[in-house]
Structure formats: C-alpha cells, structure tokens
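One structure is given here, and the rest of the page talks about it.
The values are calculated or read from the model by the stated rules, or taken from the named source; none is laboratory data. Since this is a predicted model, take the numbers as computed values, not measurements. Cβ sites come from the backbone with ideal geometry, for glycine too, and all protein chains shown count toward neighbours.
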Amino acid sequence: MQVEAAYAHCEHVTRARAGNFYYGIRLLPPPKRRALCAVYAFAREVDDVGDGNLALADKARRLTESRARLADIGSSAADPVLTALGHAAQRFPIPLEAFGELIDGVEMDVEGVTYQTFDDLVVYCRRVAGTIGRLSLGIFGASDLERAAPRADALGVALQLTNILRDVREDLQAGRVYLPLDDLTRFQCTLRLDAEPGAGFAELMRFQTARAGQWFDQGLLLLPMLDPRSAACAGAMAGIYRRILRRIERDPAAVLRGRVALPVWEKALVAARSLAGA
C-alpha cells in the first residue's frame, strides 16, 4: 500500500505539472507509466528549486540536499518520490546517476551561467533534458540500448531547445538569457525587457527553430527502436513540441508576447495519432 500511495503521489504531480509530457506518459502501460511519473516527480522537485524564489544560497543548499537524497532512493519510507523511484529502479534499468547530471544543469541556472556559443548551450541542454531522455529510455527499453542512448539524449536536447525558444519572455522576466551570445551578435539582436530586440529577431528565431528541428531529426530515430506503446509516448511528446516549434517559426514575435502553447484539443489529437500510428 505504501508503494501504491507513493506512485499515486507521483502521478498526481505529473498530471498537475507536466502539461505537455503527460499526454505522452498516459499512453504507456501502467508499470511504465508509474515509473516515468516517479522520474518526472523527482526531476520536477529539482527544477522547482532552480525556478523558485529562494535566495541563491538557499537554492544551492537545496540542490546539495537533492544530490544527497539520491543515496536514499528506495530506503526513505517517509518520502513518496524516493519510495516510488526505488521501486521503479528495481523493475527497470533506470540510470539513476543521470539525476546528478540534472542537478549539475540546474546549478548552472542558479549560478546565472550564460552561453557564448551553441556548443556551450548544448552542454546545459544535455544536463537538464538529455538526462531525462536517458532516464526515460531505461523505462522504455530498446532493441539496442547502446545505440538508442544518444538518440534519447538528442530528443531531450530538441525538447529543451524548444522550451528555450518558447519561454524567451518568461526567461527575460527572470533575468535569464539562454540563446547563445554569438547568435545574438550575428543577428544584431538585444534581449532585454526594456528594449526592442532588433530587426534581426525574426531571422534569429527561424535560425534557432531550424537548428532545433535538426535535433528532432536525430532524436526521432529512437522511435523505431522502441516497443509500440513507448514509441507512442515519445512520439506524442515530440509531436506536441514540434508543433510549438512550427508556430514559433511562423510567428517569431509571438514569444515576446507570451508563452506559445497548443490548445488541449490539439495536444490530445497529437497523442491519439501517435497511439494510432504505434
């Protein structure tokens, strides 16, 4: 009963917080769905530290505590997320060490790291999102895990690049700029709340959407290596984000007005098509 309650807690967190991902996660059979919700719940807790309103020193302390909690996975009966993760890790080969890399990435946010080049940004994306791809792959399974791992990583990077483009305004309000400084210089753009971005902003955004699309091309090579339901899950997540990417490509200035999102019916349609295709 304790394990069931722990999984129920993680599923509640995922339904409430994973606005896009849950449309894919719900397509999995129950054991995999519950395991992936446990992964998401822990990742959500780490992300919330980085995105929260605590003082920087308190954020750093909380992330250190999150790193220490990894040693207690499966042994802390008082923590439903750790309980669920421990049970999931007994059933699936989840690379739990990837959570340490995720914390490394969130620490980059806390430290206010900026990115001079795209290669610098990819390091961050691999840490905060490629890790989730690899953690998910441990639950999905694959016909060739060694070949599948870099594809899962690439799909995570593609999703994170889309997040960065979608959230330009929100990140500016939080004092963050993720787009590479070299690219801003190349397209003669300035990203500040108190200034116009510049005439090259639309061109910059289309350049970035094309680059994210290339990462999707790499990541989607993962799907034929998965079982049908896992492929449907990953395909639904990717499908929703690719539609967001296309909307940004058609109207780059939309990201300065607010977060670009799909209506519920469109997300459900993408998920249904992914399941039917599987």
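In region 103-118, what residues are farther than 14 Å from residue 50 by Cα and part of a loop (DSSP other than H, G, I, E, B)? Reasoning before the result, please.
Start the filter on region 103-118 by keeping residues that are farther than 14 Å from residue 50 by Cα, which leaves 114-118.
Within region 103-118, 114, 115, 116, 117 meet the criteria.
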TODO: Please give the number of the condition residue 259 fails out of (1) part of a loop (DSSP other than H, G, I, E, B); (2) surrounded by 16 or more Cβ atoms within 10 Å (Cβ to Cβ).
DONE: (2)
Task: Filter result (modelled with pLDDT under 95 and of a type in the set (Gly, Ala, Ser)) within region 148-191 - done: 174, 175
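Mind checking which residues of region 226-241 are assigned to a helix (DSSP H, G or I) and either of a type in the set (Asp, Glu) or surrounded by fewer than 18 Cβ atoms within 10 Å (Cβ to Cβ) (or both)? Outline the logic, then answer.
Just the residues of region 226-241 that are assigned to a helix (DSSP H, G or I), to begin with: 228-241.
If the condition is that a residue be assigned to a helix (DSSP H, G or I) and either of a type in the set (Asp, Glu) or surrounded by fewer than 18 Cβ atoms within 10 Å (Cβ to Cβ) (or both), then 228, 229 are the ones that fit.
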Task: Single residue of region 238-265 satisfying the filter (of a type outside the set (D, E, K, R) and free of Cβ contacts under 8 Å to residues at least 12 places away in the same chain) that is farthest from residue 166 (Cα to Cα) - done: 265
- [ ] Mind listing whichever residues of region 172-218 are among the aromatic types (Phe, Trp, Tyr) and touching a Cys at 6+ places or on another chain (Cβ under 7 Å)?
- [x] 201
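Condition check ((1) basic (Lys, Arg); (2) more than 14 Å from the chain's Cα centre (by Cα)) across all residues:
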site	(1), (2)
82	no, yes
87	no, yes
91	yes, yes
95	no, yes
112	no, yes
116	no, yes
124	no, no
- [ ] For region 173-186, enumerate the residues that are part of a helix (DSSP H, G or I) and surrounded by 17 or more Cβ atoms within 10 Å (Cβ to Cβ).
- [x] 183, 184
Task: Top-ranked residue in region 187-217 [being surrounded by fewer than 15 Cβ atoms within 10 Å (Cβ to Cβ) and in contact with a Gly (Cβ under 7 Å, 6 or more places away or on another chain); ranked as farthest from residue 174 (Cα to Cα)] - done: 188
Task: residue 183 being touching a residue at least 12 places away in the same chain (Cβ under 8 Å), within 19 Å of residue 124 (Cα to Cα) and not hydroxyl-bearing (Ser, Thr, Tyr) - done: yes
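Can you spot a residue in region 37-51 that is more than 30 Å from residue 261 (Cα to Cα) and of a type in the set (Val, Ile, Thr)? Reasoning before the result, please.
Kept after step one, since they are more than 30 Å from residue 261 (Cα to Cα), are these residues of region 37-51: none.
The answer is no, given that none of the residues of region 37-51 is more than 30 Å from residue 261 (Cα to Cα) and of a type in the set (Val, Ile, Thr).
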Open item on the list: So residue 109 ticks every box in (1) of a type in the set (D, E, K, R); (2) touching a helix residue (DSSP H, G or I) at 6+ places or on another chain (Cβ under 6 Å); (3) surrounded by fewer than 18 Cβ atoms within 10 Å (Cβ to Cβ); (4) under 23 Å from residue 256 (Cβ atoms) but one. Which box is left unticked?
Closed with: (3)
- [ ] State all residues of region 138-149 that are without any contact (Cβ under 8 Å) to a residue 60 or more places away in the chain and either at positive phi or touching a helix residue (DSSP H, G or I) at 6+ places or on another chain (Cβ under 8 Å) (or both); if no residue qualifies, say none.
- [x] 145, 149
- [ ] Please work out which residue is modelled with the lowest pLDDT, limiting yourself to region 42-73 and to residues that are in contact with a helix residue (DSSP H, G or I) (Cβ under 8 Å, 6 or more places away or on another chain) and over 20 Å from residue 101 (Cβ atoms).
- [x] 52
